[in-house]
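Student: First, the structure itself, so that you have it in front of you.
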Amino acid sequence: MSSGLWHLYAKNDPETMYNEYVSEDDKKVQEYYSQWYSKSPLEEADKIIALCGKMNITMISYWDDEYPALLKEIAYPPAVLYIRGTLPQKMCLAVVGTRNDDPQSASIAEKLSGMLTQYDI
């Protein structure tokens, strides 16, 4: 979640944020969401949930008990984690990326992740 959305969340509860999105009064929130999602955020969420179910991907939100405690301590942590498999209860390492990566960054992240899995990390 971008820092702008975290600042918005800090000022409002989720219901207020949604009501601001669907109202005509807050164009800034609507502009952000319209860049990524369809007109109906609930329909878009249903699509994402269905796709994750088909791909055997678990979603853990920032507000879930399973969300890693240390990850909550970074500035602007991801609002949702998408996980294949299970989160280990031992110490672990996460590779976090961006939506708008370039080919070189994607290649490096893929190689690094592959090397880490060879060592059961």
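The values are calculated or read from the model by the stated rules, or taken from the named source; none is laboratory data. These numbers come from a predicted model, not from an experiment. Heads up, the Cβs are rebuilt from the backbone with ideal geometry, glycines too, and the neighbour counts pull from every protein chain shown.
Student: If the requirement is being surrounded by 13 or more Cβ atoms within 10 Å (Cβ to Cβ), at pLDDT below 85 and closer than 26 Å to Ile121 by Cα, which of these qualifies: Leu87, Leu5, Leu81? Can you show your working first?
Tutor: Numbers: Leu5 fails: closer than 26 Å to Ile121 by Cα; Leu81 fails: at pLDDT below 85.
Unique residue meeting the criteria: Leu87.
Student: Among the residues of the stretch 78-117, write down those that are closer than 22 Å to Gly53 by Cβ and among the basic types (Lys, Arg).
Tutor: Answer for the stretch 78-117, where residues must be closer than 22 Å to Gly53 by Cβ and among the basic types (Lys, Arg): Arg84, Arg99.
Student: Moving on to the next point. I'm told Asp101 meets every condition in (1) surrounded by 10 or more Cβ atoms within 10 Å (Cβ to Cβ); (2) modelled with pLDDT under 75 except one. Can you identify the failing condition by its number?
Tutor: (2)
Student: Sticking with this structure for a sec: Those residues that are among the charged types (D, E, K, R) and in a helix (DSSP H, G or I), I need them from the stretch 72-121; list them, please. Step through it out loud before you land on a result.
Tutor: Kept after step one, since they are among the charged types (D, E, K, R), are these residues of the stretch 72-121: 72-73, 84, 90, 99, 101-102, 110-111, 120.
Across the stretch 72-121, the qualifying residues are Lys72, Glu73, Glu110, Lys111.
Student: Could you list, in sequence order, the residues of the stretch 52-65 that are surrounded by 11 or more Cβ atoms within 10 Å (Cβ to Cβ) and over 15 Å from the mean Cα position of the chain (by Cα)?
Tutor: Listed by number, the list holds a single entry, Gly53.
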